[in-house]
Structures are given as structure tokens and as C-alpha cells.
């Protein structure tokens with residue numbers, strides 16, 4: 001039976017980057033003259049996957065949103081990851097808006113993704129697995145084509161690809177290790193004395209690099 005390759009389509013936000021966005025936005029607000037004595041607050045609720053924005057009025061709230069969006073772009077957080085609620089009255093005459101942070105692909109969006117893949121006529125299969133979509137094929141090239149296809153489509157949410165197969169046929173970790181060890185252990189005729197003295201040092205460095213490379217290759221496999 002021919003080997004089958006796959007990758008997963010997910011929609012997640014790096015919460016550490018979201019923390020950085022909130023920290024940088026809060027710092028800028030504290031330094032801006034137009035927010036002096038403002039009751040503006042930005043709260044990231046990681047467990048609930050929510051971003052809560054509070055400010056004096058709707059005008060300032062929009063300004064806070066602009067700051068957040070600017071920081072998101074700089075930190076590589078997609079603006080498609082947010083679903084904004086309506087602006088509501090809050091305590092002490094302030095206004096509040098809550099933005100839901102994307103976490104997983106909703107069922108309707110997952111169906112939309114799988115339908116688009118099927119209609120693309122690519123030689124791949126798509127399966128909904130919880131809050132993600134798995135794409136399978138016997139060809140890595142077809143998987144690459146499927147990724148390119150999905151990137152070209154707008155599903156209204158930010159998509160990422162995980163558990164990617166190796167993009168090209170490569171030696172496995174053990175094969176690579178054997179090949180390099182043979183090279184390292186072959187005596188070189190006419191090697192200068194200084195090089196001979198340094199040989200153990202650079203062999204150790206290469207061995208460490210080799211170990212890391214093999215571990216990475218085995219992880220990708």
C-alpha cells in the first residue's frame with residue numbers, strides 16, 4: 001500500500017504574542033496625551049479566549065482598536081482572528097467591547113474548507129477532525145498544491161498549516177548520521193599539524209550539530 005502523507009489545517013492564535021500586543025498597546029496608551037486621565041483598560045482573558053476593551057467613549061474605544069490592530073500586524077497576529085461584539089455601556093460612564101479570539105475552526109467553516117478542497121479537483125482528501133481539517137494525499141506535491149490553494153482562498157478566518165510532511169525526499173536521521181560519521185572518520189592524507197590538533201574540536205561541534213539535525217529530521221518524519 002502506497003505511503004500517505006498529510007497536514008492539518010488549524011486556526012489558532014499565539015497567546016504569547018497576544019500578551020505582547022496587549023502590553024505594547026497598554027504602554028502606548030499610557031504615553032499618549034489624548035489618553036491622559038482616561039479610564040481605558042485592555043484585558044486579555046486567555047482561558048475564555050477574549051479581549052476586553054474599555055474606554056471613556058466610543059471615539060476613544062475606536063482609537064484603542066486601531067492601536068491593537070497596529071500592534072497585531074507588527075507581532076504577526078492576523079486581524080481575522082478577532083470577532084468583535086457590539087459596543088455596550090460599562091461602569092462609570094465608560095463603554096466596553098469584547099472581541100472573541102479565534103480558537104479552532106468552527107463546524108460551518110470546516111465544512112466550507114473541505115467543500116472547497118473537493119471542488120478544487122486536487123488529488124487530495126479532506127477530513128474534519130474536531131476543530132481542524134486534515135488533508136491527505138499520496139503525493140507531497142499535491143499537498144503543496146492544496147496548501148497553495150487554501151492560501152489563495154478567503155474563508156473569513158486565519159488558517160495555519162501544521163504537522164507538515166518533509167517537502168522533499170531526504171535521508172532519514174540515521175542515514176544522515178552514518179554518512180557524516182564516515183566523512184568525519186576518514187583520515188586525510190597530508191593534513192597539516194595544526195588542523196590535526198583542531199580536528200577533535202570541530203568534530204565535537206559537528207557531532208552536536210549532527211545530533212540536532214537528525215532529531216529534527218526524525219521529528220518531521
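No lab work stands behind these numbers, since they all come straight from the coordinates. Nothing here was measured: the structure is a model prediction, and the numbers come from that model. Don't worry about glycine lacking a Cβ; one is built from the backbone with ideal geometry, like all the others, and counts go over all protein chains shown.
For the stretch 52-83, give me each residue that is assigned to a loop (DSSP other than H, G, I, E, B) and touching a strand residue (DSSP E or B) at 6+ places or on another chain (Cβ under 7 Å). Within the stretch 52-83, 57 is the sole residue that qualifies. Applying the condition of being surrounded by fewer than 17 Cβ atoms within 10 Å (Cβ to Cβ) and out of contact with any helix residue (DSSP H, G or I) (no Cβ under 8 Å at 6 or more places or on another chain) to the stretch 3-21 and asking which residue is nearest to residue 141 (Cα to Cα) yields 4. Residue 57 meets the conditions (1) surrounded by fewer than 16 Cβ atoms within 10 Å (Cβ to Cβ); (2) free of Cβ contacts under 8 Å to residues at least 24 places away in the same chain in every case but one. The failed one is (2). Just one of (1) touching a residue at least 24 places away in the same chain (Cβ under 8 Å); (2) in contact with a strand residue (DSSP E or B) (Cβ under 7 Å, 6 or more places away or on another chain); (3) in a helix (DSSP H, G or I) fails for residue 134. It is (3). Check the stretch 112-129 and report whether any residue there is surrounded by 14 or more Cβ atoms within 10 Å (Cβ to Cβ) and farther than 28 Å from residue 8 by Cβ. No; the residues of the stretch 112-129 include none that is surrounded by 14 or more Cβ atoms within 10 Å (Cβ to Cβ) and farther than 28 Å from residue 8 by Cβ. For residue 38, the conditions (1) surrounded by fewer than 14 Cβ atoms within 10 Å (Cβ to Cβ); (2) assigned to a loop (DSSP other than H, G, I, E, B) all hold with the exception of (1).
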